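I have placed the structure first, in the form of structure tokens, so that the comments after it can refer back to it.
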Amino acid sequence: MSQAEIGVIGLAVMGQNLVLNMADHGFKVAVYNRSYDKTDAFVRQRVEDRPIVGAQSLTELVDQLARPRKIMLMVKAGDVVDRLIDDLIPLLSEGDIIIDGGNSLYTDSTRRTQRLKAEGLHFIGTGVSGGEEGARTGPSIMPGGDVAAWPAVKPIFQAISAKSDGQPCCDWVGPEGAGHYVKMVHNGIEYGDMQLIAEAYHLMRQGLGLSVDAIQAVFADWNQGVLDSYLIEITAELLTFKDDDGEPLVDKILDAAGQKGTGKWTGISSLELGVPVTLITESVYARCLSALKSEREEAAQRYPASEVPPLSESETRAMIAALHDALYASKIMSYAQGYMLMREAASEFDWDLNYGGIALMWRGGCIIRSRFLENIKQAYDQNPSLNNLLQAEFFEQAVKQSESNWRKAVAFAVTQGLPVPAMSSALAFFDGYRSARLPANLLQAQRDYFGAHTYERIDAPRGERFHTDWIHSGGHAQSGSYEV
Ligand code: NBP
């Protein structure tokens, strides 16, 4: 019997669907799961005439694989991955490849790449996006790690990945934890996109008093234009669902959001690298705030919202248009921030990232897939060394066209007392980014006053530091200043 081209460990929702996808593309797959009953049930119920073989032990799995062996882990991220690597190392030979396709933290993938290299093995840490459906029909795949392993894995990954305009939504991302880093930023952007949609929904429902059906129609309409995306599409679809009593199901869902951590990791990384990824971080905080349900209910009694006169029909229509533009402009800020973060990470970790390629990888298969990503890809195709998305002509025009409506929507939310942390922080970021002068001069003066932290002057070369004796100089700052 011929040997399998790849082994997959972990037969939960992602693993099973990836295996079926691989087999449908003609790759023979050996599968193993910690609890054998799952392997047995999978092979009996799902395999049919597909080239899939089950293994009862890791040794049996390894023996079924052609060399160099390629073993993909689709298990819970964290210690489980390290323990499996521990168990696999003694069974493998030089040049064999372990791939981790779970949602691992990028620093773990960097560590694992180095560890396996020292053992004469290769490691690939890859982001896989698209959930169950993506895994089955074509996910977005973002591999990084040891590039020496890429030629052996590439044909399988590019075959099973989603395609956008005929191109695979999978390409080499970069060394060490670069693949998982890019997947982490993808997930952070997903948090931002979801929060922006939720804010638009909330303003329409609570601020404009629209019915769920009316909001459904707005999202369906928005999905025909520049906001065309998977997340807007599924929002329009889920708003059609009714509960047993005929009421919209969405109204019956408790407003306390869960999270698994990748948005938080993006926020942590942005703080570590000093990049203002405000919109994603606010989206994480918005979920945290939503989780304080009983405290919010109590505060709602204590601080009731003030009455605001309702908008007229024409004002309502205008506000829906304003919300559209606010969502679009905020989304541009979110992606600009995400790309700023990846650029800084690439510089910090010495990774050479292909930014246009990343947009292509996100263009299909994954949760944030959208028409918009094509514009990002084009911006990087036109200028591969683009420093910031906001410097690209297309986005400059888009922001300028949306700006006034964006302000109108945020102002409406503020007047209504409705929270729009993502839209408003996106606007604050934009206003900060486009300000040649910020009040950081005052911050520097305060820091120098209480902590002698020094400051730079606008009339001296950058890097030259000054300190003023603010307390004893009697208000004559210059007289007390000196170069540090
Ligand atoms: P889960 O994240 O729910 O993990 C379940 C799998 O991990 C099962 O195969 C389970 O084996 C195995 N496992 C556990 Br738990 N502990 C183990 C151990 N100590 N040793 C060996 N195996 C162990 O599965 P999933 O939802 O399919 O996700 C797989 C990976 O893909 C995760 O890292 C996830 O974050 C990532 N991911 C998920 C999605 C999604 O939409 N679900 C999307 C993108 C990425 P058992 O059957 O014996 O318990």
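The values are calculated or read from the model by the stated rules, or taken from the named source; none is laboratory data. Bear in mind the structure is a predicted one, so any value in this text is a computation, not a measurement. All Cβ positions, even for glycine, are placed from backbone atoms using ideal geometry, and neighbour counts span all protein chains on display.
For the reader, a short list of remarks on this structure follows.
- Applying a threshold of 7 Å to beta carbon distances and a minimum spacing of six or more residues, or different chains, the list of pairs starting in region 119-143 at a residue that is in a loop (DSSP other than H, G, I, E, B) and ending at one that is hydroxyl-bearing (Ser, Thr, Tyr) reads 130/140; 138/161; 139/129; 139/161.
- The number of residues in region 338-363 being buried (at least 20 other Cβ atoms within 10 Å of the Cβ) and basic (Lys, Arg) comes to 1.
- Applying the condition of being of a type outside the set (A, V, I, L, M, F, W, C) and touching a helix residue (DSSP H, G or I) at 6+ places or on another chain (Cβ under 6 Å) to region 138-149 and asking which residue is surrounded by the most Cβ atoms within 10 Å (Cβ to Cβ) yields 145.
- Considering residues of region 116-137 that are within 15 Å of the ligand (Cβ to nearest atom) and of a type in the set (A, V, I, L, M, F, W, C) only, the residue surrounded by the fewest Cβ atoms within 10 Å (Cβ to Cβ): 135
- Residue 84 vs. criteria out of contact with any Gly (no Cβ under 6 Å at 6 or more places or on another chain) and in contact (Cβ under 8 Å) with a residue 40 or more places away in the chain: yes
- Selection from region 465-477 of residues that are under 20 Å from residue 438 (Cβ atoms) and of a type in the set (D, E, K, R): 465
- Test result for residue 390, part of a helix (DSSP H, G or I), modelled with pLDDT of 95 or more and closer than 26 Å to residue 323 by Cβ: yes
- Search result, residues across region 336-388 that are aliphatic (A, V, I, L, M) and closer than 16 Å to residue 230 by Cα: 359, 360, 361, 367, 368, 373
- Wholly within region 218-337, helices (runs of 4 or more DSSP H) carrying at least 1 residues that are small (Gly, Ala, Ser), crowded, with 22+ Cβ neighbours inside 10 Å and modelled with pLDDT of 95 or more: 262-273, 278-290
- Residue count, region 171-217 (criterion: in a loop (DSSP other than H, G, I, E, B) and closer than 23 Å to residue 290 by Cα): 4
- Top-ranked residue in region 31-47 [being of a type in the set (D, E, K, R) and within 12 Å of the ligand (Cβ to nearest atom); ranked as nearest to residue 100 (Cα to Cα)]: 34
- A count restricted to region 48-86 and to residues that are part of a loop (DSSP other than H, G, I, E, B), of a type in the set (D, E, K, R) and away from the ligand (no atom under 13 Å from the Cβ) stands at 5.
- Selection count, region 89-107, where residues are more than 11 Å from the ligand (Cβ to nearest atom) and surrounded by 20 or more Cβ atoms within 10 Å (Cβ to Cβ): 6
- Residues located in region 1-30, provided they are within 11 Å of the ligand (Cβ to nearest atom) and not in a helix (DSSP H, G or I): 8, 9, 10, 11, 12
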